[in-house]
Amino acid sequence: MQLIFMGPPGAGKGTQAQLLAALWKIPHISTGDILRACVVAKTPLGLKAQAYMDAGDLVPDQLLMDIVQERMNQPDANAGWILDGFPRTVAQAAFFDTLLCDVSGAGGKSGKDCDIRAVNLDVPDNVLVTRLLSRGRQDDNEETIRRRLQVYREQTEPLIEFYRAREQLVAVDGDRDMELVTAELQQALSGDS
Ligand code: ADP
């Protein structure tokens with residue numbers, strides 16, 4: 001199982017990714033969680049990332065590429081993974097393709113030829129805003145939320161077509177009860193990987 005979870009902020013990627021990773025006993029790799037841990041620990045990376053995150057902007061690609069490269073090379077990533085929140089830009093996706101050539105388990109193939117699948121959870125904007133405001137994370141105030149949605153539409157949404165063109169896209173309606181979304185994901189993803 002090599003899965004990328006996409007979708008706007010508040011779509012429920014983190015929740016679903018965590019559930020399925022536990023079920024399938026593979027690591028759930030959330031770049032947002034990794035970055036927040038660096039911010040709390042005040043590491044050099046965290047200090048660089050914090051202002052971007054607080055503003056609702058993307059953290060520069062190079063920092064994310066370093067994080068993901070290091071994480072993907074850890075032994076527990078050999079058996080598969082769910083990547084949550086990465087790639088978020090076309091440059092990150094291109095980098096990830098070359099990284100997949102190098103990490104074990106991909107058999108030296110590039111991302112284009114791998115068995116990765118990219119899941120998109122689709123949820124309308126008004127539902128997203130309501131969900132994020134009730135979640136109340138530090139970057140969940142109305143102004144930042146609006147900015148994150150705009151950044152998502154501009155920089156991340158194009159990746160849906162990128163993966164669809166390669167027939168790696170799995171599109172799921174995320175505007176339903178959590179359990180229904182989980183069930184549909186399980187059905188769509190298990191069996192044929
Ligand atoms: P959400 O999807 O709910 O907005 P995440 O936890 O995935 O939240 O990410 C929180 C913040 O961390 C983002 O707004 C962004 O600043 C930063 N971030 C996470 N992943 C990436 C990434 N792949 N590229 C750039 N920035 C990222």
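Readers should treat all values here as calculations from the given coordinates under stated rules, not as data from a laboratory. Every value quoted in this text rests on a predicted model; they were computed, and no experiment measured them. Quick reminder, even Gly has a Cβ in these numbers, built from the backbone with ideal geometry, and neighbours come from all protein chains shown.
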Exercise for the section: Filter the trypsin sites (Lys or Arg not before Pro) in the range 12-57 down to the DSSP loop ones having no more than 10 other Cβ atoms within 10 Å, then list what survives. Expected result: Lys25, Lys42
Practice task
Compute the relative contact order of the chain as a whole-number percentage, counting only Cα pairs closer than 8 Å that sit 6 or more residues apart in sequence.
Solution key: 32 percent
Handout entry: Net lengthening on full extension, Leu23/Asp66 (0.36 nm per residue, minus Cα-Cα)
Key = 12.7 nm
Practice task
Between the alpha-carbon centers of the range 1-80 and the range 129-193, tell me the distance in whole angstrom.
Solution key: 15 Å
Completion exercise
Rounded to one decimal in nm, the spacing of the 7 Å Cα→Cβ label points at Cys101 and Gln155 is 2.5 nm
Problem - Amide H within-cut-off set for Gln2, under 5 Å, with H built and near neighbours excluded - result: Trp81, Arg117
Exercise for the section: Report the full-extension gain for the segment Gln186 to Ala41: residue separation times 0.36 nm, less the Cα-Cα distance, to one decimal in nm. Expected result: 48.7 nm
Problem - GNM top mover of Ala93, Ala41, Ala118 - the chain, alpha-carbon springs below 10 Å - result: Ala41
Problem - Cut-off 11 Å between beta-carbons: net charge of the residues surrounding Glu184, Lys and Arg +1, Asp and Glu -1 - result: -2
Practice task
Round to the nearest 0.05 the FRET efficiency obtained for Arg146 and Asp76 when R0 = 25 Å and r is the Cβ-Cβ distance.
Solution key: 0.10
Handout entry: Reciprocal of mean inverse Cα separation for the range 41-193 (Kirkwood radius, Å)
Key = 17.2 Å
